[in-house]
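The values are calculated or read from the model by the stated rules, or taken from the named source; none is laboratory data. As the structure is a computational prediction, the values presented were derived from the model and not from experiment. Note that each Cβ is placed from the backbone with ideal geometry, even for glycine, and that neighbours are counted across all protein chains shown.
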Amino acid sequence: MAKVVIITHTDLDGVVSAVVYHLSLMKNVIEDGNSISQDPEIGSDTIVHFTEPHSLNLVLKELEAQKQPPEKIVITDLGANRDTISDIIGYIKNLVGRSVIVEWYDHHKWDDSWISQLTNLENVKLFIETDTCAAGVVYRHVSVPELLSSCISNLVSATCAADVWRWDNLLAPLLYRVTMSPRGAKGDLERRRLFERFSRCEIWSDDWRDKLEEQMDRELKGYTDALKKKKVLPLEENGETTAVFILKEKGHPPTSFLANFLLRRTGADIAIIARVDGALSLRSRGEDVREIAVCLGGGGHPRASGAKIGLPFYYGFLRVILPFVYKRLLMKRVVERVKRCFDKTRRKHLG
C-alpha cells in the first residue's frame with residue numbers, strides 16, 4: 001500500500017494541486033540529483049486519485065475499508081458538500097483512529113460547523129483559504145525543490161488565473177483549454193499524463209497547438225448551438241431574478257466559459273449548466289449560488305458552485321430508450337429543484 005494517497009479534483013487546479021504536493025514529497029530526492037521517472041508515481045510511495053466533490057466520500061470509504069490504510073491522505077481542491085459531509089467526517093474519524101494523517105487543502109467556502117468537526121479530530125489539518133486557487137493554497141504551505149520552484153510558481157500562477165477567473169497570466173487560457181479532459185477512465189488517463197508532464201516541469205508543448213486549435217473551433221460552434229438551445233426562466237413570480245438554463249452537450253465550450261457567455265448574452269442573473277447525469281454547475285453575476293448549491297446538496301463559491309441532483313431509477317431507462325423525453329424531464333426536475341432552493345434561501349435572508 002502507498003504511504004501517501006492524494007485525492008484531488010479532475011480539473012486543471014486539481015491536477016496542479018496534486019503535482020505541487022507530490023513534488024514537495026520528492027524534494028529531497030530531486031535535490032540529491034535524482035530525476036523524476038516518466039511515471040512520477042513509480043518509486044514515490046504515492047498514489048493519486050481523481051474524483052468529483054460528490055464522490056469524495058466513496059473514495060474515503062474505499063480507503064477506510066482497506067486492511068492496511070496509507071500513512072497519510074491528502075485532499076486537494078475538493079470542497080465539502082452538505083449531502084456527503086457526515087459520511088466524510090465518519091470515514092476520516094475511523095482513519096485517524098488507525099493513525100492515518102489527513103491534510104485537506106481547499107479554496108471553496110465551508111460551513112463553520114464542518115471546519116470545527118474536522119479540526120477537533122487528532123491528526124487532521126485543514127488549510128481552507130478562499131483568496132486563491134487550491135494549487136495556490138498547497139504552494140503556500142509546502143516546499144517544492146528549489147530547482148523547480150520557478151516553473152512551478154509560473155504553473156501555479158497560470159492555474160489560479162484560470163480557476164479564479166482572473167486571466168492575468170498568458171498561459172492561463174492556453175492551459176485551461178488544452179487540459180480539458182473527458183470524465184471517466186479516459187479522462188483520468190489524460191489527467192495522469194498531465195500529472196507526469198507537470199511534475200517534470202513541462203508546462204507547454206508544441207504538440208498541444210493542434211489540440212488548442214481544435215478546441216477553439218469546437219468552442220465557437222458550441223456557442224452558436226448553445227444560443228439556440230438555451231432557455232431563460234424566471235426564478236420568482238415577479239420575474240426580477242432570472243436564470244438561463246442549458247443542458248451541456250458534447251462540443252459545448254468549457255462550463256465556466258459557456259456560463260459566462262450565456263450570462264452576458266441573455267442578461268440573466270444565474271446560469272444553470274446541467275449534464276445528463278444530473279450534475280449541475282451554477283454561475284452568477286451577483287446572486288450567491290453557493291447557498292443554492294448547498295441546498296441541493298453541493299457547495300463551492302458564491303459566484304461558482306456545483307451540485308448533483310438525485311434522479312429516479314426509471315430515468316436511466318428513458319435516457320437510453322427515449323433521450324428526448326429524458327432531457328425534457330431532466331430540465332423540468334432541475335428547474336423545479338433550483339427554484340425551490342432559490343426561494344428557500346431568499347426567504348431565509350428576508351427573515
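Odds and ends about this structure:
- The number of residues in region 74-88 being surrounded by 19 or more Cβ atoms within 10 Å (Cβ to Cβ) and either part of a loop (DSSP other than H, G, I, E, B) or over 18 Å from the mean Cα position of the chain (by Cα) (or both) comes to 6.
- Residue tally, condition within 18 Å of the chain's Cα centre (by Cα), surrounded by fewer than 20 Cβ atoms within 10 Å (Cβ to Cβ) and in contact (Cβ under 8 Å) with a residue 12 or more places away in the chain, over region 165-177: 1
- Residue count for region 81-109, restricted to those that are of a type outside the set (Lys, Arg) and farther than 21 Å from residue 20 by Cβ: 17
- Listed conditions (1) touching a strand residue (DSSP E or B) at 6+ places or on another chain (Cβ under 9 Å); (2) among the small types (Gly, Ala, Ser); (3) not in a helix (DSSP H, G or I) are all met by residue 135, apart from (3).
- Test: residue in region 136-150 that is surrounded by 17 or more Cβ atoms within 10 Å (Cβ to Cβ) and either out of contact with any helix residue (DSSP H, G or I) (no Cβ under 9 Å at 6 or more places or on another chain) or of a type in the set (Lys, Arg) (or both): no
- Selection within region 97-116: residues that are more than 16 Å from the chain's Cα centre (by Cα) and buried (at least 18 other Cβ atoms within 10 Å of the Cβ). The member of this set that is nearest to residue 303 (Cα to Cα) is 114.
- Pairs, first in the same structural domain as residue 174 (by TED's automatic domain parsing) in region 1-30, second of a type in the set (Asp, Glu) and buried (at least 23 other Cβ atoms within 10 Å of the Cβ), C-beta under 6 Å, six or more apart: 8/77; 9/77; 13/77; 13/163; 14/77; 17/77
- Selection of strands (runs of 3 or more DSSP E) fully inside region 218-325 by the criterion of at least 1 residues being touching a residue at least 12 places away in the same chain (Cβ under 8 Å), small (Gly, Ala, Ser) and within 18 Å of residue 83 (Cβ to Cβ) returns 270-274, 279-284, 304-308.
- Identity of the residue in region 23-61, in a helix (DSSP H, G or I) and more than 20 Å from the chain's Cα centre (by Cα), that ends up modelled with the lowest pLDDT: 31
- Residue, surrounded by the fewest Cβ atoms within 10 Å (Cβ to Cβ), within region 178-212, restricted to residues that are in a loop (DSSP other than H, G, I, E, B) and not hydrophobic (A, V, I, L, M, F, W, C): 205
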